[in-house]
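Structure record follows, encoded as structure tokens.
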Amino acid sequence: MIIGYQGEIGCYTHTSIKKFLYNKYNKLVNFFSFEDIFNALKNNEITHGYIPIENTIGGKINENELLLRNNNNINIIDKYKFKINHCLLVNKNVKKENLKEIYSHWQALKQCSDYLINNNLNGISYYDTAGSCKYISDENKTDIGAIASKECSKIYNLEIIEENIQNNDNNYTTFYLIELN
């Protein structure tokens with residue numbers, strides 16, 4: 001199995017694949033967009049796609065529902081429910097009071113909206129949770145934080161300021177494993 005997913009290493013989709021499909025795939029291929037996954041399936045670059053479809057706080061991922069509807073040659077093989085625990089991550093020695101903006105995927109920002117409001121932090125939509133971490137790490141940003149997984153702190157050498165910052169603890173994302181008919 002060659003599985004395509006959207007995002008950088010350490011994103012929730014990547015972590016979910018490693019948990020549920022451990023030792024069942026030959027290769028993981030990351031893509032910038034969900035549409036790229038569908039195109040890669042059609043072009044036989046991957047055998048399967050792994051996409052989020054709904055989150056208990058953020059709601060349905062309409063883009064993926066639309067892509068499934070518009071590509072009737074796609075089968076949903078299985079579905080997986082993955083617990084999401086968001087963390088506020090920063091570069092080493094950065095203090096929360098120095099942060100001007102918080103980068104993350106729009107769904108993660110929505111899932112942590114109460115935290116952002118209560119801490120007077122401005123959320124900026126970025127293409128991916130782990131991609132946000134990669135950006136602030138690579139650019140050594142001292143005034144920008146990221147909302148992402150605990151795993152991202154290890155991958156991108158970031159510090160966790162706070163854990164479990166989502167609006168409520170009942171935060172799960174449902175993922176579909178898909179393939180061509």
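Each value in this text was obtained by applying a stated rule to the coordinates, not by laboratory testing. If you're wondering where the values come from, they're calculated on a predicted model, not measured in any experiment. Quick reminder, even Gly has a Cβ in these numbers, built from the backbone with ideal geometry, and neighbours come from all protein chains shown.
Listed values, structure above:
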| item | result |
| --- | --- |
| Mean ellipticity per residue at 222 nm, deg cm²/dmol - from DSSP H runs of n ≥ 4 across the chain, formula -39500 (n - 2.57) | -8000 deg cm²/dmol |
| Distant alpha-carbon pairs in the range 1-122 (separation over 19 angstrom), percent | 54 |
| At R0 = 45 Å, FRET efficiency that the Cβ-Cβ distance of ASN98 and LEU66 yields, to 0.05 | 0.70 |
| Members of LYS19/LYS150; LYS19/LYS134; LYS60/LYS83; LYS18/LYS110; LYS79/LYS134 lying beyond 19 Å, as alpha-carbon distances in this model show | LYS19/LYS134; LYS18/LYS110; LYS79/LYS134 |
| R0 of 22 Å, Cβ-Cβ distance VAL29-LEU180: FRET efficiency to nearest 0.05 | 0.90 |
| Radius 12 Å from Cβ of ILE160, net charge of other residues (Lys, Arg +1; Asp, Glu -1) | 0 |
| Using alpha carbons only: equivalent-ellipsoid semi-axes of the range 87-163, gyration tensor based, whole Å | 16, 14, 11 |
| Most positive-pole-ward Cα, LEU121, SER137, ASN85, against dipole of the chain from beta carbon charges | ASN85 |
| Distance between the range 1-50 and the range 117-159 - C-alpha centres, whole angstrom | 22 |
| Lys, Arg +1 and Asp, Glu -1 on Cβ, resulting dipole of the range 87-163 about Cα centre, debye, nearest 20 | 60 |
| Mean separation of Cα contacts under 8 Å (6+ apart) over length of the range 87-163, as relative contact order % | 49 |
